[in-house]
Structure formats: C-alpha cells, structure tokens
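Colleague: Please read through the structure below; I'll follow up with questions.
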Amino acid sequence: MLPKALWRTGAALCVLALTLGAVEVFLRRLATFVVSPNEAFLEQSPFQLIRFTPNGKRLVPNAHVVIRNHYLSGKDVVMDVNSRGFRDEDLPSQKAPDELRILVLGDSITWGDYLQANEVFVKRAESLLRTATPGRKIEVVNAGVGDAGLREELDLLEEQGLAIAPDVVVIGFYLNDSRPPWGFPAELEYPGWLRRHSVVAESIYRAVALDRWMKRQGRKRFEWARKSNKLDWKNDPDAFHQLATMAEYDWGAAWDESSWATIREGFQRLKALAAAHRFKVAIMAFPVSFQVYATFLDDAPQQRVRKEASEQGFAFLDLLPLLRAHADEELFFDQCHPREHANELIGAALASFLRESS
C-alpha cells in the first residue's frame, strides 16, 4: 500500500487540478481572448491578430479569428482581415468605371473590434451610400487599428492604403491622436504552449505584466479614470478641466496646447500625400463621452481641429453635436467606444456628409 503521505499528496494534486480546470472553464466564458474559429482544442493568442512593427501596431494580413467575450461588448466578434491588414475584403487592383473608394483610417473606435463588422459605422456608412446611389460601385474600407495615433495612421496610409487608390481618405480623429501609443500589449512576449492553451495562465501573466508596466508609467497617469466618479465634471466646467488635465496622456491631450503642433505636422503630411495621389481628405472628430454628457458645451478641441483641417483645405465633420442631441441615451461602452446604436448614428452622419461634400 502507498504511504498516507502519498495519498494525501495525490488527493491534493487532484483537487488542485479540478480547481484549475473549473477556473479555466469559468474564464473561458468571461475572459477576452483570440482564437481561430475552427480550433478544436483551444489555442489562443492575440498575436494571431496583432503584430508590432517599427511603425506601430498592425493587423496580421489574412487573419481570420474570433475574439471571445470582448471585454467591452461581451460579444464573440468575428475578425476577418484582408491581405493588406484591413478589417475588410480585398479589392481588385483595378477600380471599376465610376467606382468610389473611401478609406477610413483611425484607432480602435474605427476598427471596432468589439462589434461585428456590419455594426461598425464604417460599414453602416457604406450600406447607406450604396442605397442612395444604386447605380454606382462604392467601397468604404475599414483601415482602423487599435491604439493608433495620427502618425501611425499616416504610416499605414503610405504602407498599404495608397495601393487601393482611394478617392477619399477619412481620418477618424480622436482627442489623443497627438500622443504616441501606450505600448503595453507590445511588451507581452509571444506566448508559449501553456499560455496559448490556458486562459488561466494567460490571465495571470497579463495581470503581472500590466502591473509592472503601470508602475513604470506612474499610477497618476490613470488617475483620471478613478477621479471621474468623484468630480462633478458633468455640471462644473472647472471640474471638467481638472479631469482633462489628469487625462493629458489620453483624451485630455486635446486641451493641451503643446499637442497641436503634432496634429498640424500630420495634417501637412496628409495634404502632401493627397496632392501627390489625388484624393480628397475628410476629418471626422470623435468626442470623449464626458463632452457628450456634460450639461454645458466644451468643444474647444473640436473647434481647434476644425481650424487645423480648414487651413489644409480638408472637409470636417464634428460628431459632438450629433451625439449631444442623443445624450439621454446610452451611447458608449466606456469613455470613447460607441455602442451599436451610436455607430448607426455616426454611420448615417458620415454617409450624409460624404454625399454632400463629394
């Protein structure tokens, strides 16, 4: 017979294995992870969808994955990426006669990885434009990438966007577009076998890596998220500006005068590309949710980007008035990512704007 100590050790290991198995099953129902759609045995990794280059984050060309339990929407999101690294279908190299190609660049708001492709404003606008002009071939291409700023978006335009010969380039401008990407996901090493096959192992690894990264960044960098529940930003302009100052590394950058030199430089670069490749430019400005739900209007960033866009001859669409008109509705998942209904509103506004300005 085996000694009692071995029996107890074996029993403890069995209990541990059962506990870890239960936690694994639980996390697979709740945690966000990326997996191949036909994966028989779970092998998950964000690197199936995202790669990091010297010019910033890019989508993996020809990736076809599912994002399980997205942390914003809670949905299982199908993510199909074409050969150029866009969340869209491939286009023929030659445009059809009278075909209109519109390339939409932006960050995670434009990418919309928390919604199905047809729920994102890009495809909403495409559907409406096609309905309005049934005799014309219209393609609205989603070239959004999460955690991208204006510089990264223009790099992507030069790398892949120009190759589709766009007639119009739309920049989905967000208030932190002058800032470089935060970079935390880039610090995650490519996962080994255990992390690819265990959501528990991956969750623990990410939690530890995120904590280390936040300590290097400085906790005050994220203080605005904690203080947003304590400050009366909704009714008090001073409290609103205090919150914006705290958020200087995120959406608050747009209230920082020093950030606009970067935007002006980017717009000048974009103007040169537009002249060289003969496309029109439209800037579509997304607000932060605090602007939408405040009882007073603070649109200083939108007025500034309108001015910068006008100086370069770009068309400009300000989404703040539209969304403030629906401020009695739940429009956002967090401070910036619009829900399905808000994407419908934005898609309709973009389609109408493009019809009027083209």
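The values are calculated or read from the model by the stated rules, or taken from the named source; none is laboratory data. Since the model is a prediction, treat every value here as computed from it, not as a measurement. Note that we place each Cβ from the backbone using ideal geometry, even for glycine, and neighbour counts take in every protein chain shown. Just so you know, the surface numbers come from the protein's heavy atoms only, side chains and all, with ligands and any DNA or RNA stripped out. Shrake-Rupley method; radii C 1.70, N 1.55, O 1.52, S 1.80 Å.
Residues checked against (1) at pLDDT 95 or above; (2) more than 16 Å from residue 172 (Cα to Cα):
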residue: 61; (1), (2): yes, yes
residue: 81; (1), (2): yes, yes
residue: 93; (1), (2): no, yes
residue: 112; (1), (2): yes, no
residue: 119; (1), (2): yes, yes
residue: 125; (1), (2): yes, no
residue: 133; (1), (2): no, yes
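Colleague: Please identify the pairs in which a residue from segment 228-250 that is over 14 Å from residue 291 (Cβ atoms) has its Cβ atom under 7 Å from the Cβ atom of a residue that is among the aromatic types (Phe, Trp, Tyr) and not in a loop (DSSP other than H, G, I, E, B), counting only partners at least 6 apart or on another chain.
Modeller: Here the result reads 246/224, each pair linking segment 228-250 to a residue that is among the aromatic types (Phe, Trp, Tyr) and not in a loop (DSSP other than H, G, I, E, B).
Colleague: Let me ask another. Report every pair of residues separated by at least 6 positions or lying on different chains whose Cβ atoms are under 7 Å apart, first residue within segment 71-84 and hydroxyl-bearing (Ser, Thr, Tyr), second open to solvent by less than 30 Å² (accessible area, probe 1.4 Å) and part of a loop (DSSP other than H, G, I, E, B).
Modeller: Once the first residue is hydroxyl-bearing (Ser, Thr, Tyr) and sits in segment 71-84, its partners that are open to solvent by less than 30 Å² (accessible area, probe 1.4 Å) and part of a loop (DSSP other than H, G, I, E, B) give 73/114; 73/115.
Colleague: Being over 15 Å from residue 175 (Cα atoms) and outside any helix (DSSP H, G or I) is the filter here; which residues of segment 322-345 pass it?
Modeller: Within segment 322-345, 325, 326, 327, 328, 329, 330, 331, 332, 333, 339 qualify.
Colleague: Got at least one residue in segment 61-68 being in contact (Cβ under 8 Å) with a residue 12 or more places away in the chain, within 15 Å of the chain's Cα centre (by Cα) and not in a strand (DSSP E or B)?
Modeller: no
Colleague: Considering only residues of segment 174-199 that are part of a helix (DSSP H, G or I) and at pLDDT 70 or above, which is surrounded by the most Cβ atoms within 10 Å (Cβ to Cβ)?
Modeller: 199
Colleague: Then there is this: Name every residue in segment 269-321 that is more than 26 Å from residue 230 (Cβ to Cβ), in contact (Cβ under 8 Å) with a residue 12 or more places away in the chain, open to solvent by 60 Å² or more (accessible area, probe 1.4 Å) and not in a helix (DSSP H, G or I), in order of residue number.
Modeller: 280, 313, listed by residue number.
Colleague: Only one of (1) open to solvent by 20 Å² or more (accessible area, probe 1.4 Å); (2) modelled with pLDDT under 95; (3) aliphatic (A, V, I, L, M) fails for residue 148. Which number is that?
Modeller: For residue 148, the exception is condition (1).
Colleague: Assigned to a loop (DSSP other than H, G, I, E, B), more than 13 Å from residue 177 (Cα to Cα) and touching a helix residue (DSSP H, G or I) at 6+ places or on another chain (Cβ under 9 Å): does that describe residue 243?
Modeller: no
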